[in-house]
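In what follows, a structure is listed as structure tokens, so that the remarks can point back to it.
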Amino acid sequence: MYKILTFAALVFLIGNLGFANKTLAQQTNPNNPLLYSNQATMFGDQGSAFDPISIIMPGVAYNAGFGSFIDNPASAALFKNSFGQFGLSYRMVDENSQYLGNSSTLDDRQTNLSNFGIVYSFPTTRGSLVAGAGYTQHTSFNRAFGFRGRNNNSTITDNFKAPGSTYSDIAFGTFATDYGDEFEDWDESIFRIGFDQLGDYLGIRQQGEIIQRGYGGEYSMFMATEFQQNLMIGASIGILNGRFKYDRLFQEVDEFNDYDGQIIDSNNDGTGDTDIDRILLEDDLTSRYNGFRVRTGFLYRLNQNLNIGGSYTFGTKIFVDEQFNASITSSFDNGVDFEDNLNTEFSYNVRFPSKASLGFAVKDLNGLTVSASAEYIDYSKTRIEFNDGNLFEDELLENEFIKDTYRPVLNYKAGLSYQFNPMFTVRGGYSYLPSRFDGGSDDRNVFALGAGFSLTDDVRLELAAQYAIWEEETTVYDYAVYNYSDLPDNPPSFSFRSESAIRSVDRWNVLATLKFRLN
């Protein structure tokens, strides 16, 4: 039974439909958050370090904040003083969605530890030697999607009826689906049963919300030195750690009592006595992951004011453990409820591709500093490894889907700072992050502002606010469409379609860090 439930969870994650075949993988919208492929690229990905300087000023050729080692560990060699720091982040996302001709707005908030660490600059007679250790977040998974509207085309129970659906057993046990014919050899949506014409459907009101929360971060050690005059080299090792939580409430309501027959036997006396009033699907997915990441880099000081730098982040293997829970509750016109649920756990590995970065910085021109970088990642080289040899064909399917759906990208980042005096500095930055999907339209524009204030000679407060905006099309659910012309000689064949929504996303990340000078 455990193997069956594990495979059910696997299939659910592959397509949010629960029917693993190549056609489904090709037809499923890649922005579906429960695709293994999207999980894989998401977990292995990283943005700028969540410290108020590094999130604005790229650190490939510049010693920004503590987290600049994530851009290039060699940049740490430019730190002249030892320091420690501790920071918090407050993240919020607001999303407006268009679904079935209706607009909905939903938001979510999170507060987390963003970073803590120490950087030590060793006393040297020539050059520099710097080491550091600590933790920094670099990824957030906040999303908030609300939807509502009357659907006269499909119902989520058309998802449940598909052969192999994760939900098929609990849907059947709660009358969300039932036998499609007297021979009991195929399932049908409860909203398509009881009519003179097979598959007739009167429509249903749909409403719900999907909340995604989580973070990705790294416990790291790094070291950098001036290997030769004006040439800095550095390396870092880190343990990745993160968590992702997906919660969905999806309700369908017979608001006009269109389904008012007596086709359901709610008291098991052999006679139909009621019909469906509403169906509620509740499901959640919790993912925890960890891995090991290595970086190396160089930085060359061309003159007193101009630096160039480059770094390489090696491919990373990530280990993911997931727990999936789902329940369906059907409420009938006579007030009776039926509920059933399923629970399962699954684990898999992800091989995330390498990343190469190049950048330059113009430093301290009458208080003005400019830093810019470009980074290359080929998301199509992400690979998934299932920890069960029986799922080898599904592993091949999913990796082929990644190869065909994702693409290489060049991310561009730039920041500017101006030091009015040693007590006060202001910063501004911009990043352009193109879609990782082949043909995707969810390019992201990211803006950031910040400032630093000296509270005492040894204590400094750094603040930043980062704002990201983009638009995307997201699959709400996939469903099976039957070909009833196959009847009565054979069960109906089927194809797959999707109900989608357009989502406009505004995301804020507000950071505050206290920095303590140690020497």
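The values are calculated or read from the model by the stated rules, or taken from the named source; none is laboratory data. Note that this is a predicted model, so its numbers are computed, not measured. Quick reminder, even Gly has a Cβ in these numbers, built from the backbone with ideal geometry, and neighbours come from all protein chains shown.
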| Going through region 457-506 one residue at a time, which ones are surrounded by fewer than 14 Cβ atoms within 10 Å (Cβ to Cβ), out of contact with any helix residue (DSSP H, G or I) (no Cβ under 9 Å at 6 or more places or on another chain), assigned to a strand (DSSP E or B) and of a type in the set (S, T, N, Q)? | ASN483
| Looking only at residues in region 35-48 that are under 20 Å from LEU410 (Cβ atoms) and not polar (S, T, N, Q), which one is modelled with the highest pLDDT? | GLY47
| said: Tell me yes or no: at least one residue of region 184-204 is farther than 29 Å from THR274 by Cβ and crowded, with 21+ Cβ neighbours inside 10 Å. | reply: no
| query | Which number in (1) of a type in the set (Phe, Trp, Tyr); (2) closer than 20 Å to ASP71 by Cα; (3) crowded, with 20+ Cβ neighbours inside 10 Å marks the one condition that PHE324 misses? | reply | (2)
| task | Kindly establish whether SER103 is small (Gly, Ala, Ser) and either surrounded by 15 or more Cβ atoms within 10 Å (Cβ to Cβ) or over 29 Å from the mean Cα position of the chain (by Cα) (or both). | result | no
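To keep it simple, each residue is scored yes or no on (1) assigned to a helix (DSSP H, G or I); (2) modelled with pLDDT of 95 or more; (3) more than 18 Å from the chain's Cα centre (by Cα).
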site: ALA74; (1), (2), (3): yes, yes, yes
site: ALA77; (1), (2), (3): yes, yes, yes
site: LYS80; (1), (2), (3): no, no, yes
site: GLY87; (1), (2), (3): no, yes, yes
site: TYR90; (1), (2), (3): no, yes, no
site: SER97; (1), (2), (3): no, yes, no
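One line per residue, one yes/no per condition, for (1) of a type in the set (D, E, K, R); (2) surrounded by fewer than 18 Cβ atoms within 10 Å (Cβ to Cβ); (3) assigned to a strand (DSSP E or B):
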site: ASN343; (1), (2), (3): no, yes, yes
site: SER357; (1), (2), (3): no, no, yes
site: ALA372; (1), (2), (3): no, no, yes
site: ASN390; (1), (2), (3): no, yes, no
site: ASP394; (1), (2), (3): yes, no, no
site: LEU410; (1), (2), (3): no, yes, yes
site: SER435; (1), (2), (3): no, no, no
site: ASN445; (1), (2), (3): no, yes, yes
site: ALA448; (1), (2), (3): no, no, yes
| Any pair with Cβ under 9 angstrom, 6 or more apart, that starts in region 449-464 at a residue that is free of Cβ contacts under 8 Å to residues at least 60 places away in the same chain and within 24 Å of TYR430 (Cβ to Cβ) and ends at one that is assigned to a strand (DSSP E or B) and of a type in the set (Val, Ile, Thr) | ALA451/THR425; ALA451/VAL426; PHE453/THR425; LEU461/THR513
| request: Only one of these is out of contact with any Lys or Arg (no Cβ under 6 Å at 6 or more places or on another chain) and farther than 19 Å from ASP45 by Cα: GLY272, GLY297. Name it. | output: GLY272
| remark: Scanning region 124-143 residue by residue, those touching a strand residue (DSSP E or B) at 6+ places or on another chain (Cβ under 9 Å), farther than 22 Å from ALA512 by Cα and part of a loop (DSSP other than H, G, I, E, B) turn out to be THR124, ARG126, GLY127, SER128
| remark: SER266 fails exactly one of (1) buried (at least 19 other Cβ atoms within 10 Å of the Cβ); (2) modelled with pLDDT of 95 or more, namely (2)
| Say we look at region 323-339 and pick out the residues that are free of Cβ contacts under 8 Å to residues at least 60 places away in the same chain and within 12 Å of ASN267 (Cα to Cα); which of these is nearest to the chain's Cα centre (by Cα)? | ASP337
| request: Having 3 or more residues that are within 30 Å of GLU345 (Cα to Cα) and of a type outside the set (Gly, Ala, Ser) is the bar; report the strands (runs of 3 or more DSSP E) wholly within region 176-258 that clear it. | output: 177-179, 204-228, 231-253
| said: It is to be established whether one or more residues within region 365-379 are at pLDDT 95 or above, under 25 Å from LEU514 (Cβ atoms), within 21 Å of the chain's Cα centre (by Cα) and not acidic (Asp, Glu). | reply: no
| task | Please work out which residue is modelled with the lowest pLDDT, limiting yourself to region 111-149 and to residues that are under 29 Å from the mean Cα position of the chain (by Cα) and over 23 Å from ILE53 (Cβ atoms). | result | PHE141
